[in-house]
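*Asks:* Next up is a structure, given as structure tokens.
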Amino acid sequence: MPFWEKKPLNELSPQEWEALCDGCGRCCLIKLEDEDTGEIFNSDVRCRLLDEKTCKCTDYKNRKQKVPDCIKLTPANVGEISWIPVTCAYRRLAEGRGLAWWHPLISGDPETVKQAGISVLGRTVAETDVKSGEWVSHAVDWPDWEPED
């Protein structure tokens, strides 16, 4: 039985916790908030630390210092953050849905995240390329899409 099926999230080692990340980059997309309603929308704008070619944080260890509003997912907050992508392994496990077929721990291949259309690879724009007043045009719904299991 794999570790993610044996243990609750709050009992995982740091290495096990990190292994659950499928590397899609969806959580590193900048969120937009409607000032009137408080509703949160996804954008196709990536965090300045997200490498567009690898979908990895360029300074994961120091990300909170460099991007103060970066949210560190933990077993305590993963069930409380509404904008976590529906495809996220942490969210799926917290909701009792298990890992999806495209997850590298299931498929044995990190490329299935891209093949399934989960990865943000090739779908984002740099934060520095978005001019003031253009943010609304970058609202997208594809980060909420999830293929069937």
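Since every read-out is calculated from the coordinates, none of them should be taken as a lab result. Bear in mind the structure is a predicted one, so any value in this text is a computation, not a measurement. Reconstructed Cβ throughout: ideal geometry from the backbone, glycine too, with neighbour counts over all protein chains shown.
*Asks:* Residue separation times 0.36 nm, minus the C-alpha to C-alpha distance between ASP51 and THR74: what's the value?
*Replies:* 6.0 nm
*Asks:* Counting only other residues whose beta carbon sits under 11 Å from that of LEU73, what net charge do I get with K and R as +1, D and E as -1? Intermediate values should be presented prior to the final figure.
*Replies:* Details: positive: LYS72, ARG91; negative: GLU18, GLU80.
Here the charged neighbours net out to 0.
*Asks:* Go through (i) 26, 17, 16; (ii) 28, 17, 15; (iii) 50, 16, 12 and flag the label whose value is the computed semi-axes √(5λ) of the Cα gyration tensor in Å for this structure.
*Replies:* (i)
*Asks:* So how much slack lies between LYS66 and GLN15, counting 0.36 nm per residue of separation and subtracting their Cα-Cα distance, in nm?
*Replies:* Difference between extended and current length: 16.1 nm.
*Asks:* Charges on Cβ only, +1 for Lys and Arg, -1 for Asp and Glu, centred on the Cα centroid of region 3-140; of LEU121, GLY133, LEU29, which one is farthest towards the dipole's positive end?
*Replies:* Positive-end residue among those listed: LEU121.
*Asks:* Moving on to the next point. Can you tell me how much longer the chain between ALA139 and LEU121 gets when fully stretched, taken as 0.36 nm per residue apart minus their C-alpha distance, in nm with one decimal? Before the final figure, lay out each step's value.
*Replies:* Working: separation 18, 0.36 × 18 = 6.48 nm, distance 1.70 nm.
In short, 4.8 nm is gained.
*Asks:* How do VAL130, VAL136 rank when sorted from fewest to most other Cβ atoms within 10 Å of their own Cβ? Display every interim value, and only then the final one.
*Replies:* Values: VAL130 16, VAL136 10.
Starting with the residue having the fewest Cβ neighbours, the order is VAL136, VAL130.
*Asks:* Say each of GLU39 and ASP59 gets a label point 7 Å from the Cα, pointing the same way as Cα to Cβ; how far apart are those two points in nm?
*Replies:* Distance between the two pseudo-spin positions: 3.6 nm.
*Asks:* Exceeding 25 Å between C-alpha atoms, which entries from my cross-link table qualify? They are LYS31/LYS66; LYS7/LYS114; LYS66/LYS114; LYS7/LYS72.
*Replies:* LYS7/LYS114; LYS66/LYS114
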